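Below: one structure, written as structure tokens.
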Amino acid sequence: MTLTVATLLSGLFLAALGLIFLINNSAIQSTLKALPRSQAGAIVFFGGGALWFLYLVWNLSPADLVIFSKPQVWVMIFGALSAMAFVYVPDFLAVRGLSVLTLLAGWPLLMAAYMEYDQPQRLLMVAAVFVAVSIAIYLGAVPYRLRDFFQWLFSTRGRPRVIGGFLTAYGLLLTAVAFTY
């Protein structure tokens, strides 16, 4: 992935997320408030994160394999753990899935900006990715905080609009920056 594509995708994603908060109708509020404990969200987000992770494990090089000589054994182990998570840890699995997807998506974005020292505007995208990764690590450890955040966010009409405006503006800034490389 090139730095232009990574910055453009980050900007478009942030702008779309910001527009969701700017619209702020009752359907969006109820969907976001139900997301942390949503079974469909768990299947989509945790299942997607697990499949992406299993794909990465399947394609490990022999140098990365320490205990077993083939990645198929690791895929079976992690696949079984992912399936057991749906049975034994179903609470807030959608939040954990979002955290996994954020962490996995951060890697190619950061690698696109790696060693691009002659492009200082890349730091606008890198900073956003690091903030997202930090939030993902925190929410992966204490996923109920996303529920608490949504309750706080939607307790007044102005908060979602302020956050949505900021995310939209930052996303549009990143989208514009993508064309300056």
(request) Being touching a residue at least 60 places away in the same chain (Cβ under 8 Å) and part of a helix (DSSP H, G or I) is the filter; apply it to region 24-59 and report the residue that is farthest from residue 166 (Cα to Cα). (result) 37
(request) Tell me which of these residue 79 doesn't satisfy, since it passes every other one: (1) touching a helix residue (DSSP H, G or I) at 6+ places or on another chain (Cβ under 8 Å); (2) modelled with pLDDT under 95; (3) farther than 25 Å from residue 164 by Cα; (4) assigned to a helix (DSSP H, G or I). (result) (2)
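Which of the residues spanning region 57-70 are exposed (fewer than 15 other Cβ atoms within 10 Å of the Cβ) and either closer than 14 Å to residue 89 by Cα or not small (Gly, Ala, Ser) (or both)? Full working, then the answer.
At the first step, the residues of region 57-70 found to be exposed (fewer than 15 other Cβ atoms within 10 Å of the Cβ) are 58-70.
If the condition is that a residue be exposed (fewer than 15 other Cβ atoms within 10 Å of the Cβ) and either closer than 14 Å to residue 89 by Cα or not small (Gly, Ala, Ser) (or both), then 58, 59, 60, 62, 64, 65, 66, 67, 68, 70 are the ones that fit.
The values are calculated or read from the model by the stated rules, or taken from the named source; none is laboratory data. Model, not experiment: these values are computed from the prediction. Every residue, glycine among them, receives a Cβ derived from its backbone with ideal geometry; neighbour counts consider all protein chains shown.
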